[in-house]
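Heads up: the structure comes next, in structure tokens.
The values are calculated or read from the model by the stated rules, or taken from the named source; none is laboratory data. Since this is a predicted model, take the numbers as computed values, not measurements. Reconstructed Cβ throughout: ideal geometry from the backbone, glycine too, with neighbour counts over all protein chains shown.
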Amino acid sequence: MDNNRGQFHLFTKRRFLPLFITQFLGALNDNLFKNALLVIVVSTAIGAADNNNTNFITNLAAGLFILPFFLFSTLAGHLADHFDKAYLIRRIKFAEIVLMLMGFFSLWQENINLMLLVLFLLGVQSAFFGPLKYAIIPQHISDNELLAANAQVGMGTFVSILLGTLIGGWLVTEPQGPMQLGALIVLVAIIGWLSSCQIPNAPSEKTPNAHRVPFNPIRETAVNYRLAKHNKTVFYCIFSCSWFWLYGACFLTQVPNFSVSILGGDPKLISVLLGAFIIGVAMGSLCCNRLSRGQVEPGLVPIGVLGLSLFAIDLYFSSTAYAAINSSRDTVLPLAFLSMSAGLRVVVDLLFIGIFGGLFIVPIYAMIQRNTDGITRARVISVNNIFSALFMVSGSLLGMFFLSYLGWSIPQFFLILAFLNLIFMGTIFYLEPVFVRRFKRWANLN
């Protein structure tokens, strides 16, 4: 790739743009519906004064969306490696239209149980789409464009999460909001399907007689695990990627309570802080291509690790300093919060945690794709999805242990995450020296 063209030249290519739009709209719809469901649950509980039921349904919703990654990732990876990936994506996106029609009906009827079923089915769809999305990229994108493509996909994913969180949570509270949201998610699903129809074909790289659907998911998962473990670098990249999702999920999960209970902010402050974190990840993703001159650069990963920990440590000090200033516990609106230096420092910390998170995760995904054989790539990515889901669940348990069992504060939890990040990734760097070796080389070249 001619680096002078910049990373955005991929948006002019049919081999990339339809896939980008398809994955962007899919992630947007997931988050529109999921956050609308959570707002409806919370609003219903406020009227009924039933906080226990709210906590149960909130956690159930999170579990229902993650559960399909455990159940179906192995089958999804197998199908993606054995059949035309573009063909499968089109079928999956058509199924999304049907799911969103069900979602429209559930919102119209305000049927929480049906909403939870739709959310589970959206998780199933995401579990099947994940290996396809990351396995098709190297099939249409050259090696020297791989990092730029992953940067765009990463940026798009986190922007869609932000938009889905804000729009879904806001629109459903308006008069006729559930109906309007229902119409929106169906429209987004239809546009996503039309976009998927423009993705160029991506035939299987396996021989036709190898098209065998596995009936034993446990055995096939073990087979896929051995495929991932065959390449040491890929294996440790999978653990690094999974750690990122644990780390990020811990922050995203705690920010709402952190905003209100620790910082004394108005609920609108939640959107500001979540927005800072997610925009930071998108910015960091885009910076990767420039910092590595368009090449897949493992040397950026240690920079991401250090930044994630340093700004999480500073978040502990900035939030405790702000809490001391606002000891009166008056509710603070977002503009008033940002007008205070201590409040602005909290936002900057979250922004830079996101930026360094982007520098961390984009090279990791590109390394998995580049270092995996094309005929097994989707199955290896399915292993990555299973581990990421497992780590995210572990992150929830970690939060419960420190915050509920030990009674630590949220800033203290952020502080321990910073040190755990250094310990975990330090171990990865020791076991796979390529990250530190390439960092030294990158630093000398710059």
In the stretch 254-297, the residues that are outside any helix (DSSP H, G or I) and in contact with a Ser or Thr (Cβ under 8 Å, 6 or more places away or on another chain) | Leu263, Gly264, Gly265, Asp266, Pro267
When you go through Leu122, Leu101, Leu71 one by one, which is the residue that is in contact (Cβ under 8 Å) with a residue 60 or more places away in the chain and buried (at least 18 other Cβ atoms within 10 Å of the Cβ)?
-> Leu122
The condition from (1) modelled with pLDDT under 85; (2) of a type in the set (Ser, Thr, Tyr); (3) touching a Pro at 6+ places or on another chain (Cβ under 8 Å) that Thr173 misses is numbered (3)
Members of the stretch 379-409 that are under 16 Å from Thr74 (Cβ atoms) and at pLDDT below 85 | none
Return yes when Leu146 is within 30 Å of Asn111 (Cα to Cα) and either outside the structural domain of Gln295 (by TED's automatic domain parsing) or in a helix (DSSP H, G or I) (or both) and no when it is not.
-> no
Which of (1) within 21 Å of Phe235 (Cβ to Cβ); (2) modelled with pLDDT of 85 or more; (3) crowded, with 20+ Cβ neighbours inside 10 Å is the odd one out, the single condition Asp349 does not satisfy?
-> (1)
